[in-house]
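Student: Can you read through this structure? Questions will come right after.
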Amino acid sequence: MRPGLRPDSQVTDVVSNTTATHALRASGIKKAYRSPNGLLEVLTGVDLEVARGTILAIVGASGAGKSTLLNILGTLDHPDTGTVEIGGLRVDHLKDRELARIRATRLGFVFQFHHLLPEFSAEENVMMPMLIAGSEPGAARARAREALTAVGLKERWLHRPAELSGGEAQRVAVARALAPSPELVLADEPSGNLDTGAASALHELIGTLAREQHQTFVVVTHNDRLAERADRVLTLESGRLVARP
């Protein structure tokens, strides 16, 4: 268990396989879409394994399929063929209700835009997914405060999004992803909407969380500085992941 964030029995997945050495494994992932010009093959055979407590950066040209891949890894979309495992549990064949549970308890998501609810405080925004997953309010509040403290926002618990800077709001989004103690955090251009200073601070935060709290990240990014902080960088090219030269 990562230091700083205590387990919450209300949001811990009972099928978690803590003996798995990897947080994520994918094999043979293919995905195609029908278009007016015929079948568009986006992913043509992606193989991937991510060790616990590491950062993987995925880079590539716009339209290469990076977000599609991230959505499949996060169970937001289904592959046409292939398998996905989260912490040793195969998830690609599960039903929608089971996938919703996986997303609520074993995965965290951070997007380019923070998507905070403007009428709620930072604390309440972080609590919300845990409450939806069935956590008791007191436990959810305690976890939210721990997560906000971990991202350096201890003094901002009660501030609403309009009272936060862009970088602070994105840190709240990171805290929201961390609060359920997920196996894996998936981030899609997490600093893409931030200025240089705020982006640099967010990159430092992600590195610290991986290094000190053993959190696993898969990050899709165009930002070379964020990619440089990763343990590995892979390029999505012609529908496959290849090592960055």
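Student: Can you tell me which residue in the range 102-147 is farthest from residue 86 (Cα to Cα), limited to those that are under 14 Å from the mean Cα position of the chain (by Cα) and of a type in the set (Phe, Trp, Tyr)?
Tutor: Among those residues, the one meeting the criterion is 113.
Student: Among all residue pairs at least 6 apart or on different chains, which show Cβ distances below 8 Å where the first residue, located in the range 72-89, is within 16 Å of residue 218 (Cβ to Cβ) and in a loop (DSSP other than H, G, I, E, B) and the second is modelled with pLDDT under 95 and of a type in the set (Ser, Thr, Tyr)?
Tutor: Close Cβ pairs (under 8 Å, with a partner that is modelled with pLDDT under 95 and of a type in the set (Ser, Thr, Tyr)) amount to 77/68; 87/16; 87/18.
Student: When residue 210 is evaluated against the numbered criteria (1) hydrophobic (A, V, I, L, M, F, W, C); (2) buried (at least 19 other Cβ atoms within 10 Å of the Cβ); (3) in a helix (DSSP H, G or I); (4) over 17 Å from the mean Cα position of the chain (by Cα), which criterion, by number, is the only one it fails?
Tutor: Exception for residue 210: condition (4).
Student: Across the range 236-245, what is the total count of residues that are surrounded by fewer than 19 Cβ atoms within 10 Å (Cβ to Cβ) and not in a loop (DSSP other than H, G, I, E, B)?
Tutor: The total comes to 4.
Student: Which is within 14 Å of the chain's Cα centre (by Cα), modelled with pLDDT of 90 or more and within 29 Å of residue 49 (Cβ to Cβ), of 179, 187? Before the answer, list the steps.
Tutor: Working: 179 fails: modelled with pLDDT of 90 or more.
Unique residue meeting the criteria: 187.
Student: Please specify each residue of the range 184-207 satisfying the condition of being under 25 Å from residue 25 (Cβ atoms) and not in a helix (DSSP H, G or I).
Tutor: Step one: of the range 184-207, the residues under 25 Å from residue 25 (Cβ atoms) are 184-190, 206-207.
Across the range 184-207, the qualifying residues are 184, 185, 186, 187, 188, 189, 190.
Student: Give the residues of the range 90-103 that are modelled with pLDDT under 90, part of a loop (DSSP other than H, G, I, E, B) and buried (at least 17 other Cβ atoms within 10 Å of the Cβ), sorted by residue number.
Tutor: Of everything in the range 90-103, just one residue is modelled with pLDDT under 90, part of a loop (DSSP other than H, G, I, E, B) and buried (at least 17 other Cβ atoms within 10 Å of the Cβ), namely 92.
Student: Restricting the first residue to the range 197-221 and requiring it to be in contact (Cβ under 8 Å) with a residue 40 or more places away in the chain, which pairs with a second residue that is part of a helix (DSSP H, G or I) and among the hydroxyl-bearing types (Ser, Thr, Tyr) meet a Cβ separation below 8 Å and a spacing of at least six or different chains?
Tutor: 220/67
Student: Right, something else. Consider the range 50-80. How many of its residues are farther than 13 Å from residue 187 by Cα, polar (S, T, N, Q) and buried (at least 17 other Cβ atoms within 10 Å of the Cβ)?
Tutor: 2
Student: To continue, here is another question. Could you tell me whether residue 44 is under 20 Å from the mean Cα position of the chain (by Cα) and modelled with pLDDT of 90 or more? Outline the logic, then answer.
Tutor: On the way: under 20 Å from the mean Cα position of the chain (by Cα): no; modelled with pLDDT of 90 or more: yes.
No, not satisfied.
Student: Could you check the range 156-170 and list, in sequence order, the residues that are out of contact with any strand residue (DSSP E or B) (no Cβ under 9 Å at 6 or more places or on another chain), within 17 Å of residue 205 (Cα to Cα) and assigned to a helix (DSSP H, G or I)?
Tutor: 156, 166, 167, 168, 169
Student: On the basis of being modelled with pLDDT of 90 or more and hydroxyl-bearing (Ser, Thr, Tyr), does residue 83 make the cut?
Tutor: On the way: modelled with pLDDT of 90 or more: yes; hydroxyl-bearing (Ser, Thr, Tyr): yes.
Criteria met by residue 83.
Student: Another question about this same structure. Tell me yes or no: at least one residue of the range 118-138 is outside any strand (DSSP E or B), among the β-branched types (Val, Ile, Thr), at pLDDT 90 or above and crowded, with 23+ Cβ neighbours inside 10 Å.
Tutor: Start the filter on the range 118-138 by keeping residues that are outside any strand (DSSP E or B), which leaves 118-138.
Now drop any that are not among the β-branched types (Val, Ile, Thr), which leaves 126, 132.
Among the residues that remain, those that are also at pLDDT 90 or above are: 126.
Retained after the next criterion (residues that are crowded, with 23+ Cβ neighbours inside 10 Å): 126.
Checked the range 118-138: at least one residue is outside any strand (DSSP E or B), among the β-branched types (Val, Ile, Thr), at pLDDT 90 or above and crowded, with 23+ Cβ neighbours inside 10 Å.
Student: Checking residue 181 against (1) of a type in the set (Gly, Ala, Ser); (2) in a helix (DSSP H, G or I); (3) in contact (Cβ under 8 Å) with a residue 12 or more places away in the chain, only one condition comes out false. Which one?
Tutor: (2)
Student: Let me ask something additional. Among the candidates 145, 171, 106, single out the residue that is farther than 23 Å from residue 221 by Cβ and buried (at least 18 other Cβ atoms within 10 Å of the Cβ).
Tutor: Answer to the check: 145.
Student: Search the range 222-235 for residues being in contact (Cβ under 8 Å) with a residue 12 or more places away in the chain and touching a His at 6+ places or on another chain (Cβ under 9 Å), and hand back the single one that is surrounded by the most Cβ atoms within 10 Å (Cβ to Cβ).
Tutor: Per the stated criteria, the residue is 226.
The values are calculated or read from the model by the stated rules, or taken from the named source; none is laboratory data. This is a predicted model, so every value here is computed, not measured. No Cβ is skipped: glycine too gets one built from the backbone with ideal geometry, and neighbour counts run over all protein chains shown.
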